[in-house]
Amino acid sequence: MRTIARSSNIKSKTNHKKKFAFDAQAFLDSAGVARKVKEFKKAEVVYSQGDAAQSVMYIQAGGVRLTVVNEVGKEAVVAILAKGDFFGEGCLAGQPVRIGTATAITPSTVLVIEKGEMFKVLHEQHDLSDRFITFMLARNIRIEEDLIDQLFNSSEKRLARTLLLLARYGKEDQAHGVLPKVSQEMLAEMIGTTRPRVNFFMNKFRKMGFIKYNGGLQINTSLLSVVLHE
């Protein structure tokens, strides 16, 4: 009887612990004084380059494009983000202003977390801290891969890799295969080439069965062969 009672007591404590364990998604989905949910229309600016950097953003639905404009007015697309991605995290590292512009590429829902609140929960809530660190490490790896890609790969390979990344290839926890609405001009900016070159390679990929247009641009994982081909 004591064994049964002890087992029952342990199970009860375990369930109690699980019940009150911090739920990162529940926090991110909630709204409060130091965090609020904002809705953005397609093409609406989330923040502009030069704005004060006072919060971290988390995409609950939709997608966001990050761009940077240089001194002579040339714009470059540096990232396309989707549901589950953080952005604007530079404020945590001491960035006083935004170094780029964030724009919704589809109707989007964004959670805005004030910098002080983000610091607080990163110290207190390990679930969220682990999730955020994992995201930042993955972002750092992506930046290094982008640099290598830009330096050593052809524009055809860069386009194939970009399409696979936009289609969330390799992310098991998210739906993948269908791209968000991205223009050929935007793809050209992302890989550092011209729109006619992008159009040429897109037609080539379509003829080879790597992509198809069926209510949207669908990416076949066989496109990976272009990236791996020497």
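Readers should treat all values here as calculations from the given coordinates under stated rules, not as data from a laboratory. Predicted, not measured: the structure shown is a model, and the values here were computed from it. When we count neighbours, we look across all protein chains shown, and the Cβ atoms used for this are built from the backbone with ideal geometry, even at glycine.
Quick look at the values:
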{"quantity": "Label point distance in nm, residue 115-residue 95, each placed 7 Å from Cα along Cα→Cβ", "calculated": "1.2 nm"}
{"quantity": "Gained length - residue 85 relative to residue 69, 0.36 nm times residue gap less alpha-carbon distance", "calculated": "3.5 nm"}
{"quantity": "Loop trypsin sites (Lys or Arg not before Pro), segment 80-186 (other Cβ atoms within 10 Å of the site Cβ: 14 or fewer; DSSP)", "calculated": "171, 181"}
{"quantity": "Whole-percent pair-distance distribution, where bins are 5 Å wide, for the alpha carbons of segment 74-230", "calculated": "1, 7, 15, 19, 20, 15, 10, 7, 4, 1, 0"}
{"quantity": "Projected area averaged over orientations for segment 178-223, convex hull of C-alpha atoms, nm²", "calculated": "3.1 nm²"}
{"quantity": "Neighbour cut-off at most 14 other Cβ (10 Å), DSSP loop, GluC sites (Glu not before Pro), segment 53-106", "calculated": "71"}
{"quantity": "Residue 49 versus residue 139: modelled label distance in nm, points set 7 Å from Cα along the beta carbon direction", "calculated": "1.8 nm"}
